[in-house]
1. For a quick check: with amide H placed at 1.01 Å from N, whose amide H comes under 5 Å from residue 92's, ignoring anything fewer than 5 positions away on the same chain?
2. Which of 55, 81, 189 moves most in a GNM of the chain, Cα contacts under 10 Å?
3. Please determine, in degrees from 0 to 90 and to the nearest 10, the orientation of helix 233-247 with respect to the longest principal axis defined by the Cα atoms of the chain, where the helix direction is its Cα long axis.
4. Pull up all non-local amide H partners of residue 49: gap of 5 or more, or a different chain, and H-to-H distance under 5 Å with H placed in the peptide plane.
5. Only sites in a loop by DSSP and with at most 12 other Cβ atoms within 10 Å count here; which trypsin sites (Lys or Arg not before Pro) in region 83-117 make the cut?
6. Identify which of 197, 115, 48 has the largest mean-square fluctuation in a Gaussian network model of the chain, with springs joining Cα atoms closer than 10 Å.
7. Post the alpha-carbon centroid distance, region 186-223 to region 127-181, in whole angstrom.
8. Return the long-range amide H neighbours of residue 99 (sequence gap of 5 or more, or a different chain), with a cut-off of under 5 Å between placed amide H atoms.
Amino acid sequence: MINLIVKFQSGALGNFLACILHKDIKPIDTLDYGSLVSSTDVLRDKILHTGAYDNPNDKHFKAYHDRKKHIVVSHNNPNFNNWITEQEKAKNVFIDLNSHFVEYRLNYMIKLPELHNKANQSAIDFRWKNYKFPISCDEARRIVRLHENKEQKIAVNKDKDVIFPFGNFYITDKNLYIQTFKELTEKLNLDTSVDELSMWFDGFNQGQKAILDRARIIYDCIHNKKFIPGLNENEKGIIIGYHAVKDNIDTAEHFIQTFKELC
C-alpha cells in the first residue's frame with residue numbers, strides 16, 4: 001500500500017527526495033542527482049514514478065503498479081492528480097519550486113533532454129516564430145513565469161501536504177542541510193539517520209557538480225549583466241529572464257533589447 005507520495009514539477013529532484021525518504025534505499029544505492037545515474041533498477045523496483053506513464057488507465061501502468069512493492073510514489077504527471085488525491089492514507093510531500101530557478105532549469109535540461117529539445121523546437125516553429133532569439137525569449141518568459149509561480153502543474157493540497165522548498169536541496173552548510181532533512185523525516189514519522197543524511201549530502205554535491213559549477217557561472221552573468229562565450233541560447237534566456245523580473249517588464253521587445261545589451 002502506498003504510504004508516501006513526493007509531488008514535484010519535472011526537474012525539481014522529486015526522485016532524489018523519494019530516494020532519501022524511502023526506508024529501503026540507501027545513499028550508496030543510487031547517484032541519480034542530476035548528472036550521474038546508476039543503479040536505476042533500484043529506483044524502478046522500489047519507487048513508482050507517475051511521469052513514466054500516460055495516465056492511471058495506461059495499460060503499462062496497470063501492469064507495472066504493484067501495491068505491495070510500490071510504497072513510495074514520485075509524482076510529476078498532472079494526468080495523475082486525481083489518482084494521487086484518491087490515495088487518502090498516504091503522506092504527501094510537495095516540493096515547492098519557489099527559488100533557485102537557475103539550478104532547476106539546468107536540472108530539467110539535463111534530466112529531460114527530449115522534452116527540453118522539443119520545447120526549444122516549438123519555440124522556434126510556433127511560440128516565437130517571428131521573433132529574434134526565439135529560444136532565449138522562450139526561456140526568459142519561463143523564468144518570469146517561475147517567479148510568478150505559474151509553471152507548477154502539480155496540484156498542492158495545503159491542508160495535507162508537507163511543503164518542502166526546492167532551495168533546501170542547495171543548502172551549502174552540511175549541518176544545516178542534515179538538520180533540514182531530519183526535520184522533514186520527523187514530520188513524516190520516518191527514521192533516517194544523521195549518517196545517512198550526511199552521505200546523501202556528499203552524494204548530491206558529487207552528482208550535481210556539473211550543475212552547481214554551471215549555475216555559478218550563470219549567476220555571475222546575471223550579477224554582471226554580461227554574456228560570456230560558451231553560453232547556449234537557454235542559458236542566455238535564463239539571464240535575460242532574471243533581468244526581466246528585476247525590471248518588472250515582461251515583453252518580447254524587452255527580452256530582445258536585453259539580449260543585445262548583454263552581448
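1. Amide H to amide H, under 5 Å and 5 or more residues apart or across chains, residue 92 pairs with 5, 162.
2. It is 189.
3. Value to nearest ten degrees: 80.
4. 74
5. Details: sites: 89, 91, 105, 111; in loops: 89.
Those that pass, being in a loop and sparsely packed, are 89.
6. The residue that fluctuates most here is 115.
7. 16
8. So residue 99 has HN proximity to 166, 167.
No lab work stands behind these numbers, since they all come straight from the coordinates. The shown structure was predicted, so the numbers you read here are calculated from the model rather than taken from an experiment. Glycine gets a Cβ as well: all are built from the backbone with ideal geometry, and neighbour counts include every protein chain shown.
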